[in-house]
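The values are calculated or read from the model by the stated rules, or taken from the named source; none is laboratory data. Not measured: the values here are computed from a predicted model. Glycine also receives a Cβ, built like all others from the backbone with ideal geometry; neighbour counts cover every protein chain displayed. Heads up: the accessible areas ignore ligands, DNA and RNA and are worked out on the full protein's heavy atoms, side chains in. Shrake-Rupley method; radii C 1.70, N 1.55, O 1.52, S 1.80 Å.
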Amino acid sequence: MKVTVNRKAHFNAAHRLYRKDWSFEKNDAIFGLCNNPNFHGHNYELIASVTGDIDPETGYVIDVKILKDIIKSEVEDAFDHKNLNVEVPEFQDLNPTAENIAVVIYNKVKAKLDSKFQLEITLYETPRNFVTYSGE
Ligand code: NI
């Protein structure tokens, strides 16, 4: 019997979407306002979903405190109030799209979780735009 435990989190961060090897005109055509050279911010909403078996002794799949602490150290402390392009090493050569941010978050959180769990990351860049990644 598999049950999914979800934890919500939040961070604010700035980014610019562009490729260094493209001209400004090409970046502008592909990324539009997100290519603003002065960066812009988003209020990111994160849902980390951990699926596993219920432990018959505790009744837990995972103690949510463990998940909360992993998100704090791997996501909030690393990304909150940061310029992703400039201050976060993972995005030095990786365009910080919602897709790529979700993959980076997945990899960081997965590395800290017991390997018996499945993980899915849902990342909202705006209230209407969100991506999901579950490691495939
Ligand atoms: Ni943006």
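Could you give the accessible area per residue of the chain, probe 1.4 Å, as a whole number in Å²?
On the way: 8040 Å² over 136 residues.
Value returned for the chain: 59 Å² of accessible area per residue.
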Principal axis box of the stretch 44-85, alpha-carbon based, largest edge first, Å = 44, 14, 12
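Students often check this: by mean Cβ neighbours within 10 Å, which of 83-90, 109-116 ranks highest, and how do the rest follow? Walk me through the numbers on the way to the answer.
Working: 83-90: 16.0, 109-116: 13.2.
Packing order, densest peptide first, comes out as 83-90, 109-116.
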Space enclosed by the convex hull of the alpha-carbon atoms of the stretch 89-134, per residue, Å³ = 72 Å³
Among Tyr106, Tyr60, Tyr124, determine the one that fluctuates most according to a GNM of the chain built with springs between C-alpha atoms less than 10 Å apart.
-> Tyr60
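Taking the Cβ of Ile71 as the centre, find all other residues whose Cβ is under 14 Å away and add up their charges (Lys, Arg: +1; Asp, Glu: -1).
Numbers: positive: Arg7, Lys8, Lys65, Lys68, Lys72, Lys108, Lys110, Lys112; negative: Glu45, Asp63, Asp69, Glu74, Glu76, Asp77, Asp80, Glu120.
Counting the neighbours of Ile71, the net charge comes to 0.
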Determine the gain in length on full extension of the stretch Glu45-Ser23; use 0.36 nm per residue of separation and subtract their C-alpha separation, reporting nm with one decimal.
-> 4.8 nm
Straight-line reach from Lys2: which lysines have Cα under 17 Å away, leaving out those fewer than 8 places along the same chain?
-> Lys116
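Can you tally the net charge around Asn100? Count Lys and Arg as +1, Asp and Glu as -1, for every other residue whose Cβ sits under 12 Å from the Cβ of Asn100. All intermediate terms of the calculation are to be shown ahead of the outcome.
Details: positive: none; negative: Glu90, Asp93, Glu99, Glu125.
That works out to -4.
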Of Ser73, Ser49, Ser23, the most mobile residue in a GNM of the chain (C-alpha springs, cutoff 10 Å) is Ser23
With only alpha-carbon atoms counted, please give the Rg and Dmax of the chain, in Å.
-> 16.6, 60
Taking the chain as the reference, fit the longest principal axis to its C-alpha atoms, fit the long axis of helix 98-112 to the helix C-alpha atoms, and give the angle between the two in degrees, 0 to 90, nearest 10.
-> 40 degrees
Assigning unit charges at the beta carbon (Lys, Arg +1; Asp, Glu -1) and nothing else, what dipole magnitude in debye, to the nearest 20, does the stretch 67-120 show about its Cα centre?
-> 200 debye
Taking Lys and Arg as +1 and Asp and Glu as -1, residues besides Thr122 with C-beta under 13 Å from its C-beta add up to -2
Which lysines have a Cα less than 29 Å from the Cα of Lys26, not counting those fewer than 8 places away in the same chain?
-> Lys82
